[in-house]
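Visitor: Structure incoming, see below.
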Amino acid sequence: PELINPQYIVMDEHKLYIVEGTSISIYELDQFKLIKKFGKKGEGPGEFMPNPQSGRPMFIDIQTDKIIVTSLGKISFFTKAGKFLKDLKHSYGSIDAIQPLGNGFIGLSIGPEKNELFRSIVLYDPQLKAIKSIKKIRHHFQPGKGFEVLRESTDFFSHQNMLYIGWDKGFKISLFNNKGNLVKSIRQDHPRQRVNNRDR
């Protein structure tokens with residue numbers, strides 16, 4: 001009953017975390033009882049500004065012992081109980097999602113290049129200084145051209161100090177270490193299936 005429009009949901013072993021606008025609700029996983037709700041729109045410590053370019057909900061990561069929140073111009077750190085710890089600001093135009101990797105972070109960045117928009121997976125140091133771009137693809141939205149509806153996956157995920165990216169064509173996942181070096185690729189070869197009017 002406390003929620004109107006939940007936008008992003010993640011959970012760990014004990015708690016459920018729900019993003020709604022610029023607030024985050026923490027629920028007990030057993031009884032779904034609200035433990036704490038925090039966050040508001042603003043530019044002060046522990047406050048969040050949505051990214052108007054992406055139109056996506058705020059991204060939160062709960063893999064470590066902290067809640068890491070990605071909002072416009074900064075990432076914010078909270079305890080798992082929702083207590084504010086610190087903000088880490090950056091000057092990059094658009095970072096949509098930050099996850100911990102090694103001693104630093106891995107993030108999804110969106111920016112222009114030669115009159116086109118690109119999505120990049122970028123490795124950052126602990127102070128959010130960009131170290132290197134690991135993967136880059138043309139964005140599915142281009143100004144003046146609209147959206148590409150049928151597009152490849154743009155998923156990525158860091159887990160146990162490794163990075164998994166599913167940005168390649170077909171059934172392929174690329175595995176990188178915490179230095180951004182390719183370790184191996186996982187591929188499933190499936191024959192393409194013909195689709196006709198009966199499949200509509």
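Visitor: Tell me the net charge near Ile186. Cut-off is 12 Å between Cβ atoms, Ile186 excluded, with +1 for each Lys or Arg and -1 for each Asp or Glu.
Guide: +1
Visitor: Just the number please: accessible area per residue for the chain, 1.4 Å probe, all protein chains included, in Å².
Guide: Computed with neighbouring chains in place, this is 63 Å² per residue.
Visitor: Using a Cα-Cα cut-off of under 18 Å, which aspartates and glutamates could be cross-linked to Lys169, ignoring same-chain neighbours fewer than 8 residues away?
Guide: Glu148, Glu152, Asp155, Asp189
Visitor: Starting from a Cα-only point model with no solvent, please compute log10 I(q)/I(0) by Debye for region 24-108 at q = 0.12, 0.20, 0.25, 0.26 1/Å.
Guide: -0.35, -0.94, -1.35, -1.42
Visitor: Separate question: In region 6-96, what percent of the accessible surface is made up of carbon and sulfur (1.4 Å probe, ligands and nucleic acids excluded)?
Guide: That share works out to 54 percent.
Visitor: Hey, another quick one. Could you work out the percent of alpha carbon pairs in region 1-73 separated by over 22 Å, rounded to a whole number?
Guide: On the way: 497 of 2628 pairs.
Counting every Cα pair in region 1-73, those more than 22 Å apart make up 19 percent.
Visitor: For the pair Asn181 and Gln160, how long in nm is the line joining their label points, each one 7 Å along Cα→Cβ?
Guide: Modelled inter-label distance: 2.0 nm.
Visitor: Please give every one of the lysines within straight-line cross-link reach of Lys86, meaning a C-alpha to C-alpha distance under 24 Å, and leave out same-chain neighbours fewer than 8 residues apart.
Guide: Lys15, Lys36, Lys37, Lys40, Lys41, Lys66, Lys74, Lys129
Visitor: I've got another one for you. Tell me the Kirkwood hydrodynamic radius of the chain in angstroms, computed as one over the mean inverse distance between distinct C-alpha pairs.
Guide: After inverting the pairwise mean of 1/r, the radius is 18.5 Å.
Visitor: With θ set to phi - 60° and the Karplus curve 6.51 cos²θ - 1.76 cosθ + 1.60, what are the ³J(HN,Hα) couplings of region 6-20 in order, to the nearest whole Hz, using x for Gly and Pro?
Guide: Along region 6-20, the couplings run x, 10, 8, 10, 9, 8, 10, 5, 10, 9, 10, 10, 10, 8, 9 Hz.
Visitor: Let me ask something else about it. Which distance in nm do the two modelled labels at Lys145 and Ile131 give, with both placed 7 Å along the Cα-to-Cβ direction?
Guide: About 3.2 nm, to one decimal.
The values are calculated or read from the model by the stated rules, or taken from the named source; none is laboratory data. Quick caveat: nothing in here was measured; it's all calculated off a predicted structure. So basically every Cβ, Gly included, is an ideal-geometry build from the backbone, and we count neighbours across all protein chains shown. SASA here: full protein model, heavy atoms, side chains in, ligands and nucleic acids out. Shrake-Rupley method; radii C 1.70, N 1.55, O 1.52, S 1.80 Å.
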